[in-house]
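Contents: one structure, followed by commentary.
Computed from the coordinates by the stated procedures, all read-outs in this text should not be read as laboratory data. Values in this document were obtained by computation on a predicted structure and should not be read as measured data. FYI the Cβ positions are ideal-geometry reconstructions off the backbone, even for glycines, and counts take in every protein chain you see.
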Amino acid sequence: MTPTLKDVAVLAGVSRSAVSRTFTQGASVSVKMRRKVEQAAEQLGYSPNALASSLTTGRTKLIGLVSNNFHNPVFLEVFDLFTKTLQERDLRPLIVNLSDETEPAASVKMLKQYSVDAVVVASSTLPLSFAKAFHDAGLPVVHTFGRLATSPHVHVVGIDNVECGRMAARTLIERGYTDIGYLGGPPSATSAQDRYHGFTELVSQHPDIKARASYSKGYSFHAGREAMMEQLQGSPAQAYFCADDVLSIGALSAIRDHGLKPAQDIGIIGLNDMEMSRWESFSLTTIRQPIKQIITASVDIVEEMLLEPDRYPEARIFPCRIIERETLKAKHKQMK
C-alpha cells in the first residue's frame, strides 16, 4: 500500500495538519516538528501528492511551455534548458505543440483547463498578439524569443533581430563580398521580417553592394536546402545570411552537392549557434544568441509574476556576437 499523510502523522505522533504544513511551502512549522515529520516520511517512503497540495495552496506549479517549431534542432536545446530550469525551481513544465496552429484559442482553453500558474510562449515566429491572448485570458505569460517592442503588452525576453540582420550584413561586407543575399525563414515569421529589415538597412548604406532576398518555407534543414537549390539554379550571391543555423546547414548541404566549397565558393553565416553548428562537418560561422541566459531570465520573470501577477510588462533583450568558424572568407576590410 502507498503510505498516506495519515500514516506519517501516526508514526510521527503529530496531527495531519502538522504533516500538511511541513510539506507546504511557506507554511509555519517548528524545526522540531519538521524533523519528526520528515523522518517519519522517509521511513515510510512517503511523498506528498502535488495535485492534492494544489487544492490547498491554489497553485499547481504547472507552467505551460508553448512552441510551434519542433522541426528545428535548436528547440531540443531550448526545451532541455527550460525543463531543467523550471524543475530546479520546483515548477513543472507542461509542453504544448502549436505546430500548424494559427490561432491561440484552443491552447488557451487547454491550459486554463489544466490550471497552469503561468505560460511561456517560446517562439521567434509568432506575433506578440499570440502571447497576448494568454494574458487576456488571465494567464501570466512571458514571450521568450519574442519580437522586441518598446512598450510590450506582455513580458518579452530575447534578442534584437533587427540588429542581428545588421550584424550579418556588416560581417559579409567586411569580408569583401560585394554581392550578398538574405535567406530567411517563412515571410510571415516576425523574426524573418526583422532580420531582413536590419540586413537591408545596413546594405542601403553601401551603394556599391548588391543584395537580394529569398525566403524558405520554414525553419528546417529541408527548407534551407530547397531554398539554396533554387538559388544555385540561377546566379547565386557570393555569400548569404541564412537567418537560422538549421537553414544554414541545409544550404551547406545544397552547396556541397553542387561541387562547391563553403567560404571558398559561397560564404554562409547563420544565427543561433546551436550545438550542430559547432560540429566539425559544418563548422558554421554564425551569430550566437545567449540561449541559456534568455531561458534563465524567462524563468526568473515567471517566478516574479507568480509573486506579483500585476507587475508591469517589460522587455529583456540580450546582445549577440559573431562566432568565427569556417564558412566565410577571412576579414577583408574594415567598415567605414
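Find, among the chymotrypsin sites (Phe, Trp or Tyr not before Pro) in region 79-183, those assigned to loop by DSSP (not H, G, I, E, B) with at most 16 other beta-carbon atoms within 10 angstrom.
Tyr114
Exactly which chymotrypsin sites (Phe, Trp or Tyr not before Pro) in region 238-300 are in a DSSP loop and have at most 12 other Cβ atoms within 10 Å?
Numbers: sites: Tyr240, Phe241, Trp279, Phe282; in loops: Trp279, Phe282.
Those satisfying the criteria are Trp279.
Sort out for me the Cα centre separation of region 134-198 from region 282-336, rounded to whole Å.
11 Å
Evaluate the chain: find the radius of gyration of its Cα atoms, find its Kirkwood radius, and give the ratio Rg to Rh.
1.12
What 222 nm value per residue comes from the helices of the chain, counting each DSSP H run with n ≥ 4 as -39,500 (n - 2.57) and dividing by all residues, nearest 500 deg cm²/dmol?
-13000 deg cm²/dmol
Would you work out if region 140-187 is rounded, prolate or oblate? Take a ≥ b ≥ c from the square roots of the eigenvalues of the alpha-carbon gyration tensor; rounded if a/c is under 1.5, else prolate when a/b is larger than b/c, oblate otherwise.
Because a/c hits 1.5 or more and a/b exceeds b/c, region 140-187 counts as prolate.
So which trypsin sites (Lys or Arg not before Pro) in region 163-255 are both in a DSSP loop and have at most 15 other Cβ atoms within 10 Å of their Cβ?
Here the sparse-neighbourhood loop sites are Lys217.
Using the beta-carbon distance between Arg278 and Asn97 and R0 = 41 Å, what value does 1/(1 + (r/R0)^6) give for FRET efficiency, to the nearest 0.05?
The value I calculate is 0.90.
If you bin every alpha carbon distance in region 37-174 into 5 Å steps from zero, what whole percent lands in each bin?
Pair shares across the bins are 2, 9, 16, 18, 17, 13, 8, 6, 5, 3, 1, 1, 1, 0.
Less than 14 Å Cβ to Cβ from Ala213, Lys/Arg counted +1 and Asp/Glu -1: what total charge do the surrounding residues give?
Details: positive: Arg195, Lys210, Arg212; negative: Asp179, Asp194, Glu201, Glu230.
Once all neighbours under 14 Å are counted, the net charge is -1.
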